[in-house]
There are 2 protein chains.
Amino acid sequence: MSSKVLIVGGGAIGGFYGSLLAKAGAEVAVVCRSNYSTVKQHGYQIESYALGKWQFMPGQVLRYAADYQAQADYVILCSKVTADIDRVGLIRAAVTKQTAIVFIQNGVEIEQELQQAFPDNLLISGLAFICCNRTAPDQINHLAYGKLTLGSLSADHVGKTQHLRDLFLQAGIECLVSDDIIASRWQKCVWNAPFNPLSVLSGGLATQAILQNQEDFVRQVMQEVCNIAQACGHPLPVDIIDTNIAQTRVMPPYKTSMLLDFTQGHAMETEAILGNTVRAAARQNVDCPYLKSLYALMLLRELQIRTNIPLA
Amino acid sequence: MSSKVLIVGGGAIGGFYGSLLAKAGAEVAVVCRSNYSTVKQHGYQIESYALGKWQFMPGQVLRYAADYQAQADYVILCSKVTADIDRVGLIRAAVTKQTAIVFIQNGVEIEQELQQAFPDNLLISGLAFICCNRTAPDQINHLAYGKLTLGSLSADHVGKTQHLRDLFLQAGIECLVSDDIIASRWQKCVWNAPFNPLSVLSGGLATQAILQNQEDFVRQVMQEVCNIAQACGHPLPVDIIDTNIAQTRVMPPYKTSMLLDFTQGHAMETEAILGNTVRAAARQNVDCPYLKSLYALMLLRELQIRTNIPLA
């Protein structure tokens, strides 16, 4: 019997990974927000550097999780983690006792909210290491990488996590189950914490230009994230900074997700990526002046956007 | 006999202080760049919160210092300190043996360039503590403060510095001669180092909004400037940070000079204010991660402006 999957958040990440699960035979429904009518009519057109081009027509395209006409084996939350998005409210109506709740989202220390709201459900934390943008409401462009890391937040039920991994593997994307998904989350933050805010605060530089001109600064920010992760009990690999720098150097020039949100006037994941990191540092008594600078500047940048005072 | 003064750089600072010297009876000529023809025709219209409204018609309005038809007692350089401005070249043609070279400019460690070019002239370092903007090519708006601090860079010739002070006092503006003008320059940097870059990097916030939302961060940056000044042999008053914060709180909401340059597409004083400060810190082995963050971000912001990649 094929798995029933509800993707909540039909942007680049949700559309892309949802399409892979459909390829692997799952029955995939998608809750869309701004692109509902386009996706309802045409589905998604996906173009991947690695997997070719294909169309993905979800079994159901919905406005709300409450409209879902099935019992979900997996509800996969792929929204941004921002103050204007109620992550719990977005999925609650489609969650039953049997539902595994998966969140493929950025940021550190974002588990607690879902754990508190759904204490009896299996929670699977997911991280997408991918360059993937939505170039139109129904167009998804997969530019580089693609690996998904999954990790169950409870020791039991590993079977359901492994089954999800197997579906992704079947569809041709790298996927692994992590024993310490919290550490993996910090690991991803090593890249996100410098490049996301720097792309916005620089006024729109791509990752390559940032790295070519401020590699030392990027490394300092990365080192602070490593220090905080370690203090939180999740030491990261010793070569993680060098690896991140080397990989970024060979990445195609990339506009970060925060920069895309910024240019499109969407809320940015400042709290999930920087705020939670700085708060974890404060809790653990770890000094992190570079991260605090980026966080302070992002808060001012967001304040300016909210108050919308014209520049000239 | 009245003093002969050549103002080089006819923006807000040059026009305002030049007009005061004219009020005090000096023969004032001005070298203008972008606003040459307007000022040549109409002079300046000045509106001061403290001194009323008046018109200032310079004795000569010039395109270049070489066009100056007199022997200058004082050449007062009021340009920005940016990479695209040749400070020495701007004034050289009007400097004679008798000329005292005054520079009313922002930044730290900006003396050396002029000392090397004019080793035999009296050099007077000047600092304007003023909120003063040019609102049109010939319109100057003096919003708050106004104090000028002058300091001779050589022990002798104090008479010429005092005479200049007397002229400013006579015109009704606060002016004092500092025994340690280098320390005064660091003192001004305490305010400039946080507020100038933060106004730009936030996308245009005024000083009040920055202070209301990120006072801790502002204080950290200020503390680093104090640490560097001290290491350079110029300890600042112990209450300088509190004083700056308190004064900024009661200032009218103010767009910094760097923000005005940014919005007008002009070069910014990043090196004079941040670069020189960070380099002094490195020389003295003083840690300054907050300043380094601001500096790195300003360099990226400037890179983005130069490469002019559209945002969307």
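Before we move on, is B:E215 in contact (Cβ under 8 Å) with a residue 60 or more places away in the chain, in contact with a helix residue (DSSP H, G or I) (Cβ under 9 Å, 6 or more places away or on another chain), among the acidic types (D, E) and assigned to a helix (DSSP H, G or I)? Taking the combined requirement at face value, the residue does not satisfy it.
Within the range A:227-259, the set of residues being in a helix (DSSP H, G or I), within 14 Å of chain B (Cβ to nearest Cβ) and either charged (D, E, K, R) or more than 17 Å from A:C288 (Cα to Cα) (or both) comprises A:M258, A:L259. The requirement of being buried (at least 20 other Cβ atoms within 10 Å of the Cβ) and within 23 Å of A:Q264 (Cα to Cα) is satisfied by A:V30. Residues satisfying the criterion are absent from the range B:149-170 (criterion: under 16 Å from the mean Cα position of the chain (by Cα), open to solvent by 40 Å² or more (accessible area, probe 1.4 Å) and closer than 25 Å to B:F195 by Cα). Filtered by the rule that a residue be in a helix (DSSP H, G or I) and either over 22 Å from A:I182 (Cβ atoms) or in the same structural domain as A:G11 (by TED's automatic domain parsing) (or both), the range A:266-291 gives A:P289, A:Y290. Considering every residue within the range A:184-193, establish whether at least one is more than 24 Å from A:V81 (Cβ to Cβ) and open to solvent by 20 Å² or more (accessible area, probe 1.4 Å). There is no residue in the range A:184-193 that is more than 24 Å from A:V81 (Cβ to Cβ) and open to solvent by 20 Å² or more (accessible area, probe 1.4 Å).
Residue check: is A:Q264 within 14 Å of another protein chain (Cβ to nearest Cβ), at pLDDT below 95 and closer than 30 Å to A:S48 by Cα? Yes, satisfied. Remark: B:Q304 matches the filter, which requires a residue to be in contact with a Gly (Cβ under 7 Å, 6 or more places away or on another chain) and either within 12 Å of another protein chain (Cβ to nearest Cβ) or over 19 Å from A:E215 (Cα atoms) (or both).
Just one of (1) under 18 Å from B:T161 (Cα atoms); (2) open to solvent by 20 Å² or more (accessible area, probe 1.4 Å); (3) not polar (S, T, N, Q) fails for B:I104. It is (2).
Of the residues in the range B:69-86, how many are buried (at least 21 other Cβ atoms within 10 Å of the Cβ) and of a type outside the set (A, V, I, L, M)? Looking only at that region, the number is 4. Keeping to the range B:280-296, report how many residues are more than 13 Å from every other protein chain (Cβ to nearest Cβ) and either within 14 Å of B:V81 (Cβ to Cβ) or among the polar types (S, T, N, Q) (or both). Residues meeting the conditions: 2. Here B:K97, B:K40, B:K53 are screened, and the one residue that is free of Cβ contacts under 8 Å to residues at least 40 places away in the same chain, open to solvent by 30 Å² or more (accessible area, probe 1.4 Å) and in a strand (DSSP E or B) is B:K53.
Of the residues screened, A:G14 is one that is open to solvent by less than 10 Å² (accessible area, probe 1.4 Å) and within 19 Å of A:T149 (Cβ to Cβ). Scanning the range B:1-37 for residues that are closer than 14 Å to B:P137 by Cα and not in a strand (DSSP E or B) yields a total of 14.
Out of A:Y17, A:Y49, which single residue is under 17 Å from the mean Cα position of the chain (by Cα) and among the hydroxyl-bearing types (S, T, Y)? None of the others qualify; the one that does is A:Y17. The single condition among (1) open to solvent by less than 20 Å² (accessible area, probe 1.4 Å); (2) under 21 Å from A:K80 (Cα atoms); (3) hydrophobic (A, V, I, L, M, F, W, C); (4) in contact (Cβ under 8 Å) with a residue 60 or more places away in the chain that A:A267 does not meet is (1). Does the range A:207-226 include one or more residues that are more than 10 Å from chain B (Cβ to nearest Cβ), open to solvent by less than 30 Å² (accessible area, probe 1.4 Å) and closer than 15 Å to B:L300 by Cα? Yes.
The values are calculated or read from the model by the stated rules, or taken from the named source; none is laboratory data. What you are looking at is a predicted structure, and each value in this text was computed from that prediction instead of being measured. Virtual Cβ from ideal backbone geometry, glycine too; neighbours counted across all protein chains shown. Side chains are part of the model used for accessible areas, which takes the heavy atoms of the whole protein and leaves out ligands, DNA and RNA. Shrake-Rupley method; radii C 1.70, N 1.55, O 1.52, S 1.80 Å.
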